[in-house]
1. Can you tell me which residue is nearest to Asp198 (Cα to Cα) among those in the range 233-261 that are loosely packed, with under 11 Cβ neighbours inside 10 Å and of a type outside the set (A, V, I, L, M)?
2. Here are some residues: Ala215, Ala210. Which one is surrounded by 14 or more Cβ atoms within 10 Å (Cβ to Cβ) and modelled with pLDDT under 90?
3. With modelled with pLDDT of 80 or more, assigned to a helix (DSSP H, G or I) and of a type in the set (A, V, I, L, M) as the only criterion, which of Leu205, Leu199, Leu176 stands out?
4. Can you list residue pairs whose Cβ atoms sit under 6 Å apart, with the first residue in the range 163-186 being surrounded by 15 or more Cβ atoms within 10 Å (Cβ to Cβ) and the second being acidic (Asp, Glu)? Count only pairs 6 or more apart in sequence or on different chains.
5. Among the residues of the range 58-83, how many are surrounded by 14 or more Cβ atoms within 10 Å (Cβ to Cβ) and out of contact with any Pro (no Cβ under 9 Å at 6 or more places or on another chain)?
6. Please name all residue pairs, on different chains or six or more residues apart, with Cβ atoms under 8 Å, provided the first residue is in the range 212-240 and is of a type in the set (Asp, Glu) and the second residue is at pLDDT 70 or above.
7. Just give me the residues in the range 137-169 being charged (D, E, K, R) and modelled with pLDDT under 85, in sequence order.
8. Does Glu43 fit the bill of being at pLDDT below 70 and not in a loop (DSSP other than H, G, I, E, B)?
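The values are calculated or read from the model by the stated rules, or taken from the named source; none is laboratory data. Everything numeric here is computed off the predicted structure, so don't read it as measured data. Backbone-built Cβ (ideal geometry, glycine too); neighbour counts: all protein chains shown.
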Amino acid sequence: MAKLALGRGLSALIPETVTAREREVVEIDVARVKAGRFQPRLEFDAERLRELVESIKEKGVIQPIIVRPAGGEFELIAGERRLRAAKALGARTLPAIVKNADDRQALELAIVENVQREDLNPIEEARAYRTLGEAFTLTQEEIAGKVGKSRAAVANAIRLLKLPEEVQDDIAAGRLTAGHAKVLLAAEDPRQQKALRDLIVARGLSVREAERWIARMQRKPRHRAGAAPRKSAELLKIEENLRGAYGTQVRIVPGRRKGRIEVEYYSQEDLERILEMMLPGFAE
């Protein structure tokens, strides 16, 4: 299969090896087009879809969808928004390119088309790359070549899938940016990631501000010069667990018969967040 690349419009989606028939734009019955099994896009912005409906109403469908034969019907490869808009308008036919693509080619084309149009959110893009790698045993280098991205860009995208599910949902919904996600990945501890995520969303932290917060959370306790810490491995582990649980610096200071636990907070809002975790419902 010829290598796919971005930046050349629709021609970039159609490899040089396809037949002239596969390049031909034909009108097909909308009712005969079924959803694609390899559609990487799951979120559809209602306002953008409405704008597309208005555009198609005025100018028609300028860019054909891409489908492949499926029995007596067609399976969609690329053009989900155009198909939805056409159905919303009650269109009976739609311009299409019919391509004899196997499963791997269908997924590659779907990803390329969506990435090219910047239609995928970061999580959809990451999952699409992961599917390419797992389903067709492709390396990140091979995936990068097929979608016209650098290997580092593909690797960084897939790393987003290491974040907790609720954090991935925030990224997909636009509540967190890819820059925020990079900061969260530096935390590694899912509890710290969740705590920082709550702060970012609640306070609208910038990426730079989030970086400062994660540095505070991960800061190691400092001991006075010449004074060796009198902590067992068990206490050190408890400290680590408490830092992860509360998303802030926690110190256990042991004594001969009693000790104390010190929990840092960095603002009134942060204090309230920690107290709510310690004492659910305390603010009610």
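1. Quick first cut of the range 233-261, residues loosely packed, with under 11 Cβ neighbours inside 10 Å only: 233-234, 255-258, 260.
Keeping just the survivors that are of a type outside the set (A, V, I, L, M) gives 234, 255-258, 260.
Numbers: Glu234: 29, Gly255: 34, Arg256: 38, Arg257: 37, Lys258: 34, Arg260: 27 Å.
Among those residues, the one meeting the criterion is Arg260.
2. Numbers: Ala215 fails: surrounded by 14 or more Cβ atoms within 10 Å (Cβ to Cβ).
Going through Ala215, Ala210 in turn, just one is surrounded by 14 or more Cβ atoms within 10 Å (Cβ to Cβ) and modelled with pLDDT under 90: Ala210.
3. Leu199
4. Between residues of the range 163-186 that are surrounded by 15 or more Cβ atoms within 10 Å (Cβ to Cβ) and residues that are acidic (Asp, Glu), the close pairs are Leu176/Asp170; Val183/Glu211.
5. Within the range 58-83, the subset surrounded by 14 or more Cβ atoms within 10 Å (Cβ to Cβ) is 61, 63-68, 70, 74-83.
With the extra rule that they be out of contact with any Pro (no Cβ under 9 Å at 6 or more places or on another chain), the set shrinks to 66-68, 70, 74, 76-78, 80-81, 83.
Final tally of qualifying residues: 11.
6. Qualifying pairs under 8 Å: Glu239/Lys231; Glu239/Val250; Glu239/Arg251; Glu239/Ile252.
7. Let us first name the residues in the range 137-169 that are charged (D, E, K, R), namely 141-142, 146, 149, 151, 159, 162, 165-166, 169.
Residues satisfying the conditions are Lys146, Lys149.
8. On the way: at pLDDT below 70: yes; not in a loop (DSSP other than H, G, I, E, B): no.
Considered against the rule, which asks whether it is at pLDDT below 70 and not in a loop (DSSP other than H, G, I, E, B), Glu43 comes out as no.
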